[in-house]
1. What is the residue count in the stretch 261-276 for residues that are touching a helix residue (DSSP H, G or I) at 6+ places or on another chain (Cβ under 8 Å) and under 26 Å from residue 497 (Cα atoms)?
2. Do you know which residues across the stretch 248-283 are open to solvent by less than 60 Å² (accessible area, probe 1.4 Å), assigned to a loop (DSSP other than H, G, I, E, B) and out of contact with any Leu (no Cβ under 8 Å at 6 or more places or on another chain)?
3. Out of 380, 372, report the one residue that is over 13 Å from residue 323 (Cβ atoms), touching a helix residue (DSSP H, G or I) at 6+ places or on another chain (Cβ under 7 Å) and among the β-branched types (Val, Ile, Thr).
4. Of 402, 409, 418, 436, which residue is of a type in the set (A, V, I, L, M), at pLDDT 95 or above and within 18 Å of residue 345 (Cα to Cα)?
5. Can you tell me which condition residue 438 does not meet? The list is (1) more than 26 Å from the chain's Cα centre (by Cα); (2) assigned to a helix (DSSP H, G or I); (3) farther than 16 Å from residue 323 by Cα, and all the others hold.
6. Evaluate the following for residue 182: is it in a helix (DSSP H, G or I), of a type in the set (A, V, I, L, M) and open to solvent by less than 20 Å² (accessible area, probe 1.4 Å)?
7. Filter the stretch 222-247 down to residues that are assigned to a helix (DSSP H, G or I) and β-branched (Val, Ile, Thr) and give me whichever is surrounded by the fewest Cβ atoms within 10 Å (Cβ to Cβ).
8. Looking at (1) open to solvent by less than 50 Å² (accessible area, probe 1.4 Å); (2) in a helix (DSSP H, G or I), find the lone condition where residue 163 falls short.
Amino acid sequence: MRPKKRMQNKPNGGYNKTSHPASGRLATGRPGTGRLAAPRPMNAAPRPAQARPELRPANRPDARPARSNANARLVALNVLCDVLGNDAYAALSLDERLGSVNLNQLDRRLCASIVYRTLENLYYLDYALGQFLRDADALDMKVRNILRTAACQILLHDRVPDSAAVNEAVKLTRELHLDPFAGMVNAVLRRLVDNKETLKWPDSSEGAHYLSVMYSLPEWLAQRLIDDYGADEAQRIASYRTEKHFITIRPTYGQREGDFEKMLSRKVWETEKGVMPGAVRVYGAMQIARDSDFIKGLYSIQGEGSMLAAEAVGAKHGMSVLDCCAAPGGKTAYIAERLEGTGRVYAWDLHAHRVELIRATMRRLHLDNVRVAARDAMQVRDEFLGSMDAVLLDAPCSGLGVMDDKPDVKYRHTPESVAELCDTQRKLLDACCQYVRVGGTLVYSTCSMLKDENERQIARFLKDHPEFEIDALPDTVPSALRAHYGENGLQLLPCRDGVEGFFVARMKRRA
């Protein structure tokens, strides 16, 4: 059996950023700590409009949930049905559903842990359960997810007794009027408990299939990682799990370090310094976006890969900078703060509701040197040609660089969807590069680890646009990260660098 603890070590509408919501796990947080058939592809054609399934215990249709682990498991089951059945985002569904029930803190943590660990290990759990099931695909979705969540507790939760996981799963099956399946659920889970030390797993020699099952990746993605990085590095990438998850914050620019540290000392959070200058990793914070000091604009929530991409712009007083796909505004704010009220930052996004997120961020931080607009960055605007000192294109991408924090992103893509993203990235690069003045800077970034979206995309761009050349990252980027900067950019790997799987390429227009 695989040990319970393994190696330690973004999605918006249209083509804005990745296909995964930027909210991540801010509201609910996440406790530290198979593959017979894959779930329905999460980027398949939309289902007909239908109400989200509401799973309720029998005879209590309107009752407020009691504070019990059974209800924590029910909420977790609802979230998984949202994600795997209705293509919802895990973070948003979990936040919404936890907000609608009365669970104590311990039960909330159990619920979040079941949701995320099940999604992180979906194919692994399916493979284990498949050794005791005849036809997993034929099961009712709710029954299959009850089995998955129970298997997760049996195989991956140290503090949940096996008997409790089995009994609560059977109880939940009956409460949901699924009595005909109760005997099967009981039998399968008891066999799993009895045989969990002797389960059969793929051999490491099976390559992509082994990575797919053991680390719950679609097999095409496992093969892509092997092709891009080699078998050993691909396994390090696939197996990486952050033992204790955190939120990264940074002080607003110009704030004295002592004041920021004093503010942190008043919190009940556990903190440590990040890799990027000014970055602080916060553990145990819940609903941090509602913190009064955040609302006052004393700090921002921003990942270190995102900070690096903004730092690569090299913003200096008086510059004109364009952030092409700017929502929700983290990088725009970072650049505007570096300008210290001088110059101008133009922040574009495709959708009006996303533009409002940028505006809200600028209001919170009292940044007046930003001009926000709803614009399609693929449509070239003649009035901006050759006028920008720097252009940042944080392109739409697969988001696979953050799959440790957002595990459902792994199941949302296919080779075809990645190819479509690469085509969008190419068109955006070809359009937005025209705004860079001679001697100016173009920064391209994604939160992906696939070379087709990153290094190969830049190699193609430089071949098609000889007026651009790769440029060194600013010295303000830590040397440990700059050491991995190659001829086509910097690929950050969580397993190696301890930050999100971001890619950043800085280019200079020479003619």
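1. Count: 4.
2. 267, 269, 274, 278, 279, listed by residue number.
3. Numbers: 372 fails: over 13 Å from residue 323 (Cβ atoms).
The conditions single out 380.
4. 436
5. Single failed check for residue 438: (2).
6. Values: in a helix (DSSP H, G or I): yes; of a type in the set (A, V, I, L, M): yes; open to solvent by less than 20 Å² (accessible area, probe 1.4 Å): yes.
When the stated conditions are applied, residue 182 passes them.
7. 226
8. It is condition (1) that residue 163 fails.
The values are calculated or read from the model by the stated rules, or taken from the named source; none is laboratory data. Since this is a predicted model, take the numbers as computed values, not measurements. No Cβ is skipped: glycine too gets one built from the backbone with ideal geometry, and neighbour counts run over all protein chains shown. To get the accessible areas, we keep the full protein, side chains included, count just its heavy atoms, and leave off ligands, DNA and RNA. Shrake-Rupley method; radii C 1.70, N 1.55, O 1.52, S 1.80 Å.
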